[in-house]
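Colleague: The structure follows.
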Amino acid sequence: NATNGVITLNTFSAEDFENQNGLISFKYGSLNTQKIDFISGSSFKKFNAVFSFTNFSTLGNEYQSYDGSFEKDANGNIQKFKVNDNRQINYIFTKITGKDKLDGLSIQYHKQMWNFQTGHGWLWNVSDFDEPMKESRDNIVLKYNDKYGKIKQEYLVRYQNHQIDWNMRYYRQGAFNNFYSSGAIEYLKTNAQDIFSRFQLLYNFKKNAFIVAGVEPSLFFYNGDQEHYANFDVNNEQN
């Protein structure tokens, strides 16, 4: 959080692992919650490399709960339904930085993958079956940072591919006095790409005084959904 400020993220480098091969940790908690972290780095003649992996999974808060449907059982009591909250996250990170003549040049690859459920569902209607919700992001970042001289330069290009594979269950079977006799579902499989770039100059004209100038152009690409359908027509209240 940097109100009226500038944010920069500096990830691990191979120098952080000079006296060790890497770090690994395993954590286990309630609700079958598990987390595995691994990171390692190595130094080579022309470049340094860092690799890391994280896996997180949990059943989440799965319990019997009321929802916004206020459905009643045969005795006229408001029903409870099992909240679906299990989820899993995987993250892979690789970073290569140049040495000698390639000093200041780096390339990074980030891959994030999510599998998750929707808890109380969409529109406060707990789903009557598992909703396979998947999402992933691939990021490639190429950066050159000239750290020497009175005028420092930074050039950065980041490519991102965002993928969505959602199977959404809005209403259960028989919802609204059997208005949705088969329930209401929507399936969406799509992806979009964007390219972000930064060209920046930093001039140090006094000991602790700097002038920063730069531009940050970006592009967004979307070619339509690969699959997108539902078993109801939102534009027709009879369907």
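The values are calculated or read from the model by the stated rules, or taken from the named source; none is laboratory data. Only a predicted model underlies this, so the values are computations on that prediction, with no experimental measurement involved. Please note: Cβ atoms are built from the backbone with ideal geometry, for glycine as well, and neighbour counts cover all protein chains shown. To get the accessible areas, we keep the full protein, side chains included, count just its heavy atoms, and leave off ligands, DNA and RNA. Shrake-Rupley method; radii C 1.70, N 1.55, O 1.52, S 1.80 Å.
Colleague: Could you count how many residues in segment 62-92 are open to solvent by 60 Å² or more (accessible area, probe 1.4 Å), closer than 30 Å to Ser40 by Cα and in a loop (DSSP other than H, G, I, E, B)?
Modeller: Of the residues in segment 62-92, 0 are open to solvent by 60 Å² or more (accessible area, probe 1.4 Å), closer than 30 Å to Ser40 by Cα and in a loop (DSSP other than H, G, I, E, B).
Colleague: Asp165 fails exactly one of the following numbered conditions: (1) under 30 Å from Ala213 (Cβ atoms); (2) at pLDDT 95 or above; (3) of a type outside the set (Ser, Thr, Tyr). What is the number of that condition?
Modeller: It is condition (1) that Asp165 fails.
Colleague: Among Lys27, Lys45, which is the only one that is part of a loop (DSSP other than H, G, I, E, B), touching an Asp or Glu at 6+ places or on another chain (Cβ under 9 Å) and open to solvent by 90 Å² or more (accessible area, probe 1.4 Å)? Steps first, answer last, please.
Modeller: Numbers: Lys27 fails: part of a loop (DSSP other than H, G, I, E, B).
Only one candidate qualifies: Lys45.
Colleague: Do you know which residues across segment 168-225 are over 30 Å from Gly121 (Cα atoms), open to solvent by 40 Å² or more (accessible area, probe 1.4 Å), more than 29 Å from the chain's Cα centre (by Cα) and not aliphatic (A, V, I, L, M)?
Modeller: Tyr203, Phe205, Lys206, Lys207, Asn208, Phe210
Colleague: On to the next question. Which of the residues belonging to segment 123-134 are surrounded by fewer than 16 Cβ atoms within 10 Å (Cβ to Cβ) and either within 20 Å of the chain's Cα centre (by Cα) or in a strand (DSSP E or B) (or both)?
Modeller: Within segment 123-134, Pro132, Lys134 qualify.
Colleague: Would you be able to say whether some residue in segment 144-152 is among the aliphatic types (A, V, I, L, M), open to solvent by 40 Å² or more (accessible area, probe 1.4 Å), over 30 Å from Asn55 (Cβ atoms) and not in a strand (DSSP E or B)?
Modeller: No: zero hits.
Colleague: Report whether or not Asn167 is in contact with a Pro (Cβ under 7 Å, 6 or more places away or on another chain), assigned to a strand (DSSP E or B) and in contact (Cβ under 8 Å) with a residue 24 or more places away in the chain.
Modeller: Criteria met by Asn167.
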